[in-house]
Each structure stands twice: as structure tokens, then as C-alpha cells.
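Student: Got a structure here, written out as C-alpha cells. Questions coming.
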Amino acid sequence: MNIRSLETFYWIAKLGSFRATGDKLYASQPTISARISGLEDELGVELFDRSGRSAVLTAKGRELLIYAEKILELHRELLEKVADPESIHGTIRLGVAETIAYTWLPKLIERINETYPAINLELDVDISINLAEKLIKREVDIAFLIGDVRHEDFVTKPFYSYSLTWVASSKMTLPEDPLSLSSLARIPIITYPRMSEPHAHIRSLVHPVGRSIQIHSSSSLSTIIRMTVDGIGVSALPREIVTSELASGKLREFRVEATLPDLVFNVAYMTAPGAHVVRAVADLSLALVASEKD
């Protein structure tokens, strides 16, 4: 009996599928089946009822799951306390909202490479609502996103918040600053995609004062910035992602008589026993932000 076999058993129990576990652990389905067969041979019991489409735990399998969780958790603690960071290895799939990709991601990758040089990273840049779904489906291991992931197998912690500033092309002529909401409602606004918090906040701000409001949405920050630079409309963005455009004079800030809530990002990740690499990377990201604030 070894840790890898117990980890494989744990994930099949959680995911209900040999195939999904193979994808999760980067192992072929024959390898996954061989690990479970070896575990069953060693224990002399069947751990899964394979008669249906999904892998269902037998009574003995449910008993083993209790011990497997304890053993995997002890293994995680051992690695965190005793192991050399260079010996901690694995592949971590990071799901990252584009705002984070523009700002914190390069520093985070650098810090991960310095601290855990044997860890490989796979990056998935997407909108927050998709990242939450991918995390629950175990398609990513850690997600940096807006909102909570309310699921018993995951933990969500505050990561970073951005103040939104209104920006417009230097070529665009605007009414008197600060802009009234009625004046803002007459100008095309370019913002984050539908169903996102910024889109909802902006719509609730201008909808009561304007009838024919133009709100252009995009899931690509680079597209939003380019459209704003080209004078197609104005946008409310974190200052951190338009510093070069503001410095070059392509964009300028302006004030509006009402404020928008901050853009608050969280880090969400699995709390599964044995997920020591995931937890280590999540803790590292939180420590990085905390050190930058100090």
C-alpha cells in the first residue's frame, strides 16, 4: 500500500469516475485501474461497485475512505513540515481572471518558481463565473476570481481588491467634471462581460437616469482597453491595468458623481486531504499579497 494508491482511491471516491481521476492525476485509465486492483488485492476486499456507469464505494470502500483521508492529511503535514521545498513536485492548474493575469500573475509565477522549482503550472485565463464552475468540476486546482465558491470541498479567502477609476480617450471631449449620471448615461460605456459584478454595478448606476444606454461588454481586458483608447466609449477599470496608457496620455481619468464598489477578488482552492501542493501554492499567493501591502 502506498500514498499514490490511496490518493487514487480517494479521488475516484470523490469524482465517481476512473476516467476523471486519470485526468486529475495525469495518469492513464489502465494505470488508475491497476492501482485500485493492487489495493483491492492487498486488502482482500472490493472497494468499488463497478456495475453501474459511476464508481460507487462498497461498504469496505466507505470504511477505507475514512482512513485514507487521515493518512493523506498526515502525509500533507509531513511534507509541509519536513520536506525540502525542492522535493515538492506536481502540476498545479491555475484558473486566473484576466485582471489578476494583468497584475499579480507574473509576480506569483516568479515566487512559485523560486520557492517550489519542481512544480509545473498550467494556466487557464477565463471569466470568474466560468472559473468557479471549472474549480467545482476539478478542471482547475486554484482559482483567482470574483465571488465565493460555495462548496464543501473548497475554501475561499480574500485575495486582493481594486478601486475602479473612470477612463476615457484623450481624444474624447467630455462634459464638465465630475460627470453627472445623466451625462454618463448618454456616453457609450465599455465594460466587463454580462453577469459580471462590474457590468451589473454600472448598469444599476446609469439605468435609472437613461433610456437608451449603450453598454458594450467584452470578456477581454485588452479589447476593453483598446476600444477605450480608440474613443469608442469610456470605461471603469482598475488603475493598475492602465498605468502605461495613462502615462503615455492615451487615456485620461475623469470623475463621476457616484462611485462604484471595489473589484474584490478571492482565491479559492480544494481542501482535499493530500492536496498539499495546492494549499502550498495558495498560501504562497496570499503571503505575496500580504508582503506587498506591508
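The values are calculated or read from the model by the stated rules, or taken from the named source; none is laboratory data. Predicted, not measured: the structure shown is a model, and the values here were computed from it. Glycine also receives a Cβ, built like all others from the backbone with ideal geometry; neighbour counts cover every protein chain displayed.
Student: Output the number of the condition that Lys137 fails; it satisfies all remaining conditions of (1) farther than 23 Å from Pro238 by Cβ; (2) over 14 Å from the mean Cα position of the chain (by Cα); (3) of a type outside the set (Phe, Trp, Tyr).
Tutor: Here Lys137 meets the rest and fails (2).
Student: Let me ask something additional. Given the criterion at pLDDT 95 or above and exposed (fewer than 14 other Cβ atoms within 10 Å of the Cβ), identify the matching residue among Asp294, Asp230. Spell out how you get there, then give the answer.
Tutor: Details: Asp294 fails: at pLDDT 95 or above.
Result of the check over Asp294, Asp230: Asp230.
Student: Name the single residue that is modelled with the lowest pLDDT among those in the stretch 151-166 being farther than 30 Å from Leu184 by Cβ and either of a type in the set (Phe, Trp, Tyr) or out of contact with any helix residue (DSSP H, G or I) (no Cβ under 9 Å at 6 or more places or on another chain) (or both).
Tutor: Filtering first and then ranking leaves Glu152.
Student: While we're on this one: Among (1) outside the structural domain of Ala282 (by TED's automatic domain parsing); (2) exposed (fewer than 15 other Cβ atoms within 10 Å of the Cβ); (3) not acidic (Asp, Glu), there is one condition Ala185 misses while meeting the rest; what is its number?
Tutor: (2)
Student: Any idea which residue in the stretch 114-128 is nearest to Val277 (Cα to Cα), counting only those that are in a helix (DSSP H, G or I) and modelled with pLDDT under 90? Talk me through it step by step, then tell me what you get.
Tutor: Just the residues of the stretch 114-128 that are in a helix (DSSP H, G or I), to begin with: 114-115, 128.
From what is left, the residues that are modelled with pLDDT under 90 are 114-115.
Details: Glu114: 15, Thr115: 12 Å.
Per the criteria, the residue is Thr115.
Student: Moving on to the next point. For the stretch 199-252, how many residues are in a helix (DSSP H, G or I), touching a residue at least 60 places away in the same chain (Cβ under 8 Å) and among the β-branched types (Val, Ile, Thr)?
Tutor: Here the count works out to 3.
Student: Next up: Could you tell me how many of the residues in the stretch 64-98 are at pLDDT below 90, in contact with an Asp or Glu (Cβ under 8 Å, 6 or more places away or on another chain) and in the same structural domain as Gly147 (by TED's automatic domain parsing)?
Tutor: Matching residues across the stretch 64-98 total 2.
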